[in-house]
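For reference, the structure is listed below as structure tokens.
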Amino acid sequence: MMDSSSLIADSIRTQQTSLLSKPDNPEHVYPVELFPALEEFDVSLVVPALVVPSKLVSEYRKQLKEFVLDKAKLKVIVPLGDDDDVPVGLERRKHRKILLTKRSNIFDEEKIAQLLRNKGCFKANHKVSQSYEDWSTHEVLSRLLPLPPNEIPSSFEQIGRLAHLNLRDDLLPFKYMIGKVILDKNSPRIQTVVNKLASIESKYRTFNMEVVAGNKADGWSLVRVKEEGCQFEMDFTKVYWNSRLGGEHRRLTQIIADQARDGSSPVIVADLMAGVGPFAIPLTSKGHNIEVHANDLNPASYKYLLSNSRKNRCTGLSCYNMDARKFCKHLQESGIDFSHVIMNLPATAPEFLDSFREFRGARLPRIHVHCFAPKDYNEAVQDALKRCESALGCALDIDGNKVSIVDVRNISPKKNMYCISFDLPEAVRTAKPDSKRQSSHAEAKRQKLN
């Protein structure tokens with residue numbers, strides 16, 4: 001059943017057409033200076049109401065919860081006005097109106113009809129006036145854009161005080177308008193709104209973006225994020241960060257932290273694509289008896305990994321700025337006996353598993369690899385296993401290697417992000433390096449970058 005605020009918004013849409021139209025030239029972009037006058041968003045609507053004794057308002061409101069108007073910034077309990085038609089002798093000051101959802105035959109609903117049969121309750125109406133300031137982001141954009149409700153782009157990813165949009169091509173003519181509305185409705189917690197210009201294809205997992213609203217001054221892209229009790233600083237234009245992965249960061253760090261609490265010796269973790277430290281920093285900032293060797297190829301990520309380590313007073317964290325394959329070999333050659341490996345580079349992480357061929361470690365670690373795979377879980381399992389086995393040069397035994405695959409999050413209509421975890425198989429110790437395979441992978445990566 002549709003909520004009350006949606007019903008009001010729908011009523012408005014039926015009364016008024018959208019304020020903007022689709023441009024004939026798809027390359028045209030509306031400048032923010034052409035944003036409609038705010039008075040264009042003023043709306044008045046008459047909604048049904050139930051008059052009840054003031055002393056019973058709280059009780060009746062609870063009883064009628066499913067029928068009470070649910071609209072942010074709108075009072076749903078209001079006094080009777082001088083223009084309300086009331087029975088002779090009724091004391092207005094001792095009664096209140098409960099505003100109800102605008103639904104046909106609302107007074108025929110049994111719970112309401114029962115109260116109407118009681119002395120002291122009767123039908124009424126109430127005029128609701130709403131302006132630009134009262135409407136939500138979705139409601140304003142519904143009035144502004146020539147789109148159906150399910151295509152309105154009112155959600156965004158928040159990174160510090162920055163809102164990150166990934167607008168579809170058909171929305172680009174309205175990008176400055178959308179940015180303004182999001183800024184207006186979320187200020188001061190949001191100070192800058194950016195739109196992603198292209199998919200993530202650089203070797204550093206960064207992407208181009210443009211400011212569509214808000215602060216453009218020097219340093220606008222420097223953000224501070226708090227996650228799992230840790231503070232992260234970064235330049236969002238130079239590193240990769242995804243706030244929607246907070247749950248996955250928590251899940252994986254919790255698994256490792258639980259093992260550390262249950263054991264006497266330190267748990268050693270190799271974080272091959274560590275970024276600015278969403279796994280490494282929480283693991284080493286809370287005294288979990290954990291040692292982390294964190295690496296990232298991106299010099300900017302390495303810079304912020306170091307500064308975030310200092311800021312969060314991490315202990316047992318060593319940082320590196322190397323290619324992931326070379327880093328993996330370096331740890332083995334240095335005799336660092338790690339027990340967990342995190343590989344959070346979903347586009348290509350499974351292919352980096354070939355760095356474990358001819359593995360030299362004393363113990364076989366547990367591997368956690370993030371990857372993209374088909375939305376269908378069974379297809380995803382087969383796809384992820386095939387990629388991992390191809391890179392490792394040996395088979396994975398579902399039971400013997402304790403293989404598990406977690407559906408992390410939705411990415412697109414055809415794919416999700418997954419995390420496949422398994423104990424590194426003994427057979428990798430004798431799996432021969434495949435130079436042709438690495439060369440082929442490197443060439444494919446170069447072509448993607450070009």
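Only protein atoms count toward the accessible area here, which uses a 1.4 Å probe; on region 152-199, the carbon and sulfur part of that area reaches 46 percent.
Please give me, ordered by residue number, the trypsin sites (Lys or Arg not before Pro) of region 139-236 that lie in loop per DSSP and have at most 16 other Cβ atoms within 10 Å.
On the way: sites: ARG143, ARG161, ARG168, LYS175, LYS180, LYS185, ARG189, LYS196, LYS203, ARG205, LYS216, ARG224, LYS226; in loops: ARG161, ARG168, ARG189, LYS203, ARG205, LYS216.
Those satisfying the criteria are ARG168, ARG189, LYS203, LYS216.
By its C-alpha gyration tensor, with a ≥ b ≥ c as the square roots of the eigenvalues, how is region 173-213 shaped: rounded for a/c under 1.5, else prolate for a/b larger than b/c, else oblate? Cα axes put region 173-213 in the oblate bin.
Based on protein heavy atoms only, region 246-325 ends up with 39 Å² per residue of surface accessible to a 1.4 Å probe. Scattering from region 244-307 was approximated by placing one identical point on each alpha carbon and applying the Debye formula without solvent; log10 I(q)/I(0) at 0.15, 0.26 1/Å stands at -0.44, -1.12.
Enumerate the lysines that LYS402 could reach by cross-link, defined here as Cα to Cα under 23 Å, with residues fewer than 8 away along the same chain left out. Result set, ordered by chain and number: LYS375, LYS386. Taking only the Cα atoms of the chain, the ratio Rg/Rh comes out at 1.10, with Rh defined as the Kirkwood radius.
Would you mind telling me the antiparallel percentage of the DSSP bridges in the chain, rounded to 5?
Numbers: 48 of 68 bridges.
For the chain, the DSSP antiparallel bridge percentage is about 70.
Cross-link reach is defined here as a Cα-Cα straight distance under 16 Å, omitting same-chain residues fewer than 8 places apart; for LYS415 the aspartates and glutamates meeting it are ASP376, GLU379, ASP383, ASP407. Here GLU227 sits with roughly 20 square angstrom of accessible surface, probe radius 1.4 Å.
At R0 = 22 Å, how high is the FRET efficiency between THR315 and GLU233 if r is their beta carbon distance? Nearest 0.05 is fine. Mind showing how you got there, number by number?
Details: r = 19 Å, r/R0 = 0.87.
That pair, THR315 with GLU233, gives E of 0.70.
Rounded to a whole number, what % of the accessible area of region 13-128 do carbon and sulfur atoms account for, probe 1.4 Å? Let's see the in-between values first.
On the way: 3640 of 7550 Å².
That share works out to 48 percent.
Cross-link partners for LYS62 among the lysines, with Cα-Cα distance under 25 Å and sequence neighbours closer than 8 places in the same chain left out: LYS71, LYS73, LYS75, LYS94, LYS97, LYS102, LYS111, LYS119, LYS123, LYS127.
Rounded, prolate or oblate for region 105-237? Axes are the square roots of the Cα gyration tensor eigenvalues, ordered a ≥ b ≥ c, and the cut-off for rounded is a/c under 1.5. Prolate, because a/c is 1.5 or more and a/b exceeds b/c.
Using R0 = 41 Å, the C-beta based FRET efficiency linking ALA347 and LEU45 works out to 0.25.
Rolling a 1.4 Å probe across the protein heavy atoms gives region 149-196 an accessible surface of 41 Å² per residue.
Here the dipole of the chain is about 860 debye; that uses its Cα centre as origin and unit charges on the Cβ of Lys and Arg (positive) and Asp and Glu (negative). Computed from phi, the 3J(HN,Hα) profile of region 26-39 under the Karplus parametrisation 6.51, -1.76, 1.60 (θ = phi - 60°) reads x, 7, 5, 10, 5, x, 5, 4, 8, 4, x, 4, 4, 4 Hz, with x in place of Gly and Pro.
Rounded to the nearest Hz, the phi-derived 3J(HN,Hα) couplings of region 87-97 under the Karplus curve 6.51 cos²θ - 1.76 cosθ + 1.60 (θ = phi - 60°) are x, 4, x, 6, 7, 4, 5, 9, 9, 9, 9, where x marks glycine and proline.
Residues whose amide H lies under 5 Å from that of ASN125, counting only those 5 or more places away or on a different chain, are ALA49; hydrogens are built 1.01 Å from N in the peptide plane.
Exposure check, 1.4 Å probe, all protein chains in place: LYS123 carries approximately 120 Å² of accessible surface. For region 20-133, the per residue solvent-accessible surface stands at 63 Å², with DNA, RNA and ligands left out and a 1.4 Å probe.
Would you work out what percent of the accessible area of region 309-420, with all protein chains in place, is carbon or sulfur (probe 1.4 Å)?
Details: 2430 of 5100 Å².
On region 309-420, the fraction of accessible area on carbon and sulfur atoms equals 48 percent.
Averaged over all directions, how much area does the convex hull of the C-alpha atoms of region 345-409 cover when projected, in nm²?
On the way: hull surface 18.2 nm².
For the Cα atoms of region 345-409, the hull's average projected area reads 4.6 nm².
Which number gives the lysine pairs in region 159-292 that have C-alpha atoms under 21 Å apart and are eight or more places apart or on different chains? Step by step, the pairs that qualify in region 159-292 add up to 13.
The values are calculated or read from the model by the stated rules, or taken from the named source; none is laboratory data. Quantities reported herein were computed from a predicted structural model and do not represent experimental measurements. As a convention, Cβ positions derive from the backbone with ideal geometry for all residues, glycine included, and neighbour counts pool all protein chains shown. In case anyone asks, the SASA skips ligands and DNA or RNA and just uses the protein heavy atoms, side chains included. Shrake-Rupley method; radii C 1.70, N 1.55, O 1.52, S 1.80 Å.
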